[in-house]
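Below: the structure, in structure tokens.
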Amino acid sequence: MAAIEMKNIVKQYGDGYPAVNDVSIDVADGEFVILVGPSGCGKSTLLRMIVGLEDITSGDMLIDGERVNDLAPRDRNLAMVFQNYALYPHLTVYENIAFPLRLAKRSKEEIDEKVREASRTLDLDEHLERKPANLSGGQRQRVAMGRAIVRDAKAFLFDEPLSNLDAKLRGQMRTEISRLQKRLGITTVYVTHDQTEAMTLGDRVAVMKKGVLQQLASPRELYEQP
Ligand code: ADP
Ligand code: ADP
């Protein structure tokens, strides 16, 4: 069973061609799928429909086999990682990672155990008392991921997380995201307009144009096409 199943998804905002036009994609458990295409092709809209931040005009969205069209974002248990990582600047790394568990009123012991486990996995255990302002971009990214890991999110969703960075840092972060995704084995959907990112990061690449899914293949298959 696919972790995320998009079946004939359509998003129509107003008149004109739909922002997302009859797109069907199955994302396997643990798979890393990239949505790529020029600005305005509908990739962010599609991502927001997976998370539940945007209503679906028609089609079905399934997560672990359950239809989630009418499910609120908080009930889908997915983790959206935003470009600015949305960390709380006044909280330490520990408190940032613990935040969703405190919100869910988990016990102190459980919170401590989960935060320490996540921070070991993410190589953040040396930095638990720091504030976001004193972290590198890569470390901030890992804190954002840590927050998703502790609440056992079913998938990571990234919306152009690297587009504001310079080329060197972007390359480093790309490597880091790829490494962590493999280590965690967590299902991931990643939006970018950057071809290089698309071809180096994902297991499969979904190429979109004007709301339509044009190709869905591995980077190797895309390279080898005439
Ligand atoms: P991308 O992420 O590929 O840049 P978007 O998903 O943001 O593309 O947008 C796809 C199309 O839908 C664009 O034509 C955009 O102008 C339109 N669109 C996006 N959001 C809205 C909205 N809230 N209301 C109306 N049109 C929108
Ligand atoms: P980004 O590509 O970083 O998402 P955009 O400028 O495309 O930034 O979109 C910013 C916000 O404006 C989004 O929430 C999107 O839904 C909305 N938006 C985008 N295009 C339109 C549009 N044509 N009409 C109304 N809202 C839009």
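The values are calculated or read from the model by the stated rules, or taken from the named source; none is laboratory data. Remember, it's a predicted structure, so these values are computed and weren't measured experimentally. With ideal geometry, Cβ positions are generated from the backbone for all residues, glycine too; neighbour counts draw on all protein chains shown. Quick note on the areas: whole protein, heavy atoms, side chains included, nothing else; ligands and nucleic acids left out. Shrake-Rupley method; radii C 1.70, N 1.55, O 1.52, S 1.80 Å.
One table, with the values for the structure above:
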| read-out | value |
| --- | --- |
| Relative contact order for the chain, counting Cα pairs under 8 Å that sit 6 or more residues apart, in percent | 30 |
| Expected-Rg normalisation [2.2 N^0.38 Å, Cα atoms] applied to the stretch 1-57 | 1.13 |
| Most to least accessible of L222, L103 (protein chains only, probe 1.4 Å) | L103, L222 |
| Apportionment of accessible area to carbon and sulfur, the chain, percent (1.4 Å) | 47 |
| Listed residues V207, F32, H90: farthest to the positive end of the dipole of the chain (Cβ charges) | H90 |
| Helix 137-150 vs. the chain, principal-axis angle (Cα, 0 to 90°, nearest 10) | 90 |
| Built amide H within the under 5 Å cut-off of F158, gap 5+ | V81, V189, Y190, V191 |
| Translational diffusion coefficient (Stokes-Einstein; Kirkwood radius from C-alpha pairs) of the stretch 119-202 at 37 °C, 0.692 mPa s, in µm²/s | 243 |
| Radius 11 Å from Cβ of A153, net charge of other residues (Lys, Arg +1; Asp, Glu -1) | +3 |
| Kirkwood-based Rg to Rh ratio, the stretch 154-226, C-alpha trace | 0.96 |
| Where the Cα pairs of the stretch 14-139 fall when distances are cut into 5 Å bins, in % | 2, 8, 15, 17, 15, 14, 13, 9, 5, 2, 0 |
| Compactness of the chain - radius of gyration and Dmax, Cα, Å | 17.7, 58 |
